[in-house]
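Everything below concerns the one structure shown next.
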Amino acid sequence: MSKRNTKELDMLNGKTAGKLIMFAIPLALSSILQQLFNSADVAVVGRFAKGNAMAAVGSCVALVGIFVNLIVGLSVGPNASLATIIGQKRRDDINGMLHTIMTFGAILGIVLMGIGIGTAKVILEISGTPEGVLPEALLYIRIYFISIPFMVIYNCGAAILRSFGDTRRPMFYLIITGVVNVALNLFLVICCKLGVAGVAIATLISNVLSAILVMVYLCRRKDEFKFCFRNMGIESKYLKNILKIGIPAGVQGAIFSISNVFIQSGINSFGEDAIAGSSLALNFEYFTYDISNAFAQAAVTFISQNFGACNIKRCKKIFWQCMAFGICFTEVLAVVFMIWDDFFVSIYTTSSAIAAFGLIRMHHVCALEGLTATYEVESAALRGMGKSLGPAIITILGTVVFRIIWLVTVFRLVPTYTMLMNVYIASWIFTGGVIFILLAVHMKKIMLIHGSGKISPLK
């Protein structure tokens, strides 16, 4: 093993609590910084752009979320697959897996860019985007989608780093690109008067830079994690493992966002102030959610390695610690937002009407964001043990189906903005409860198999 590899985080031995926090916090900060790309767009156009710029960007939030969550979900596949290989000490397979990940990621990014640009207008119209907002919304989203291939490359590269415990380096990369994004936002909107086009271009440049940084690092490594362009290619045996976990996770993320498109149509019915206010508050939900998701990512990586090493008892311990940390840390940040809610809202808008809608959403959704840690960590634990389809199916039922039923029943009976927001809490409780039952059944089965001494849980 190379000297560089000795710095990998040991997930198989020693106490887990401190290591989980050390792994998750930089990852949470990375995700928050990535989200700042979008929140900076909202803040800058809300304060400095003219017309319906803020509502235009806000109308794209749900559509952007579909693709971002799909990409982030798909990156779970490379993360879990590589972590399992490390746990099994199959280091000769790492480089082949790495080049398969990056090659597939580049192809996928180009395909998603084409799909996004081609379907943007239809999806925005279906979601009820007001006619006065639609032209600027289309301009923003089409420029934004050009950055998709670079976003995929960055997330694939970051997944590779996470597989051996490096979450700090992606955080540093996103600090750099986040600063660049904000600076370009201000320059292109205030100085160049480009409006929504300016913030979209800034996001594009930032995503290009993040992809370059992670690729340069991988190209400079001197071990099995080194990337070489001449070695690009896809090996089916590695791709199969990646897709087995990544596709259900990616679909789960995308479906989750698709359900938000239906909710967005309800929000749109309350007018442009509601659209802008909702998109404003959504930023704080992303920030808090990023913490629970970070501990879910920690669960995937740690459980994958330990499952690969057949240490089921340690897997169970990691799950409960990630669940507790995810809920507690998420709620700490949510409380901060609640205490200084007026201040945080004022960062994005000076309109009292927009702020009113934003505050309603903050107090009904963001305040209980810790509940997302339940289904996210539960799903992550199952993926870490190679089971990704079950959580995806339950998430579809708990988000899309449940939320549609809520919209056509409860919301129709009580058609208020507040009641519309309550759908999030109800769906989180339902989804988390059902996935927990699935996890408990699967864990019991694994413990029986492992305890019997007849069959390895890896087979």
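The values are calculated or read from the model by the stated rules, or taken from the named source; none is laboratory data. These numbers were taken from a predicted model, which means no experiment stands behind them. Here the Cβ is made from the backbone with ideal geometry for all residues, glycine too, and neighbour counts use every protein chain on show.
Inclusion of T6 among residues that are at pLDDT below 75, among the polar types (S, T, N, Q), surrounded by fewer than 22 Cβ atoms within 10 Å (Cβ to Cβ) and in a helix (DSSP H, G or I) is warranted.
Please work out which residue is nearest to A24 (Cα to Cα), limiting yourself to region 301-319 and to residues that are among the hydrophobic types (A, V, I, L, M, F, W, C) and outside any helix (DSSP H, G or I).
Here is the first cut: in region 301-319, the residues among the hydrophobic types (A, V, I, L, M, F, W, C) are 302-303, 307, 309-310, 312, 315, 318-319.
Still in the list and also outside any helix (DSSP H, G or I): 309-310.
On the way: A309: 21, C310: 23 Å.
Only one residue tops the list, namely A309.
Within region 386-414, the set of residues being more than 20 Å from the chain's Cα centre (by Cα) and among the hydrophobic types (A, V, I, L, M, F, W, C) comprises V401, F402, I404, I405, W406, L407, V408, V410, F411, L413, V414.
Condition check ((1) more than 18 Å from K237 (Cβ to Cβ); (2) at pLDDT 85 or above; (3) among the basic types (K, R)) across all residues:
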position: Q34; (1), (2), (3): yes, no, no
position: V57; (1), (2), (3): yes, no, no
position: A83; (1), (2), (3): no, no, no
position: T103; (1), (2), (3): no, yes, no
position: I110; (1), (2), (3): yes, yes, no
position: G114; (1), (2), (3): yes, yes, no
position: A120; (1), (2), (3): yes, yes, no
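Could you tell me whether region 306-313 includes any residue that is surrounded by fewer than 16 Cβ atoms within 10 Å (Cβ to Cβ) and in contact with a Ser or Thr (Cβ under 7 Å, 6 or more places away or on another chain)? Yes: region 306-313 contains one or more residues that are surrounded by fewer than 16 Cβ atoms within 10 Å (Cβ to Cβ) and in contact with a Ser or Thr (Cβ under 7 Å, 6 or more places away or on another chain).
Listed conditions (1) of a type in the set (G, A, S); (2) surrounded by 21 or more Cβ atoms within 10 Å (Cβ to Cβ); (3) over 14 Å from L20 (Cβ atoms) are all met by A367, apart from (2).
Just one of the numbered conditions (1) closer than 20 Å to S31 by Cα; (2) in contact with a Leu (Cβ under 8 Å, 6 or more places away or on another chain); (3) β-branched (V, I, T) is not true of T330: (2). When T416, T395, T409 are screened for being among the hydroxyl-bearing types (S, T, Y) and touching a Phe, Trp or Tyr at 6+ places or on another chain (Cβ under 7 Å), only T395 passes.
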